[in-house]
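Just below is one structure, and these are the notes that go with it.
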Amino acid sequence: MIMTVKQFEIWIADLNPQMGTEPGKTRPVLIVQTNLLNKIEHSSTLICPITTNIQKGSEILRVNLKKAQ
């Protein structure tokens, strides 16, 4: 089954198994990869997990979004 994803869409993804500090659970993700690359059939797509669990001092690794953004 081929899924069509578009840049900046939000999907629910199963991120198991956990690797390193990556979250290993089902969660919302933002599609970051360009639509041009999304059209090419390959085994990976660049995504960013979305969380409400904000940790102080982690701003360098996070992009903060305002509510409704």
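No value in this document is a laboratory result; all are computed from the given coordinates. None of the values given here were measured: they were computed from a predicted structure. Using ideal geometry, Cβ is built from the backbone for each residue, glycine included, and neighbour counts are taken over all protein chains shown.
Quick notes
- Less than 5 angstrom separates the built amide H of Thr45 from none of the residues sequence-distant by 5 or more or on a different chain.
- Packing order of peptides 62-68, 12-18, highest average first: 12-18, 62-68 (average count of other Cβ atoms within 10 Å over each peptide's residues).
- Sequentially through region 6-15, phi angles give Karplus couplings (6.51, -1.76, 1.60; θ = phi - 60°) of 10, 4, 6, 6, 10, 10, 9, 10, 8, 8 Hz, Gly and Pro residues having no value and appearing as x.
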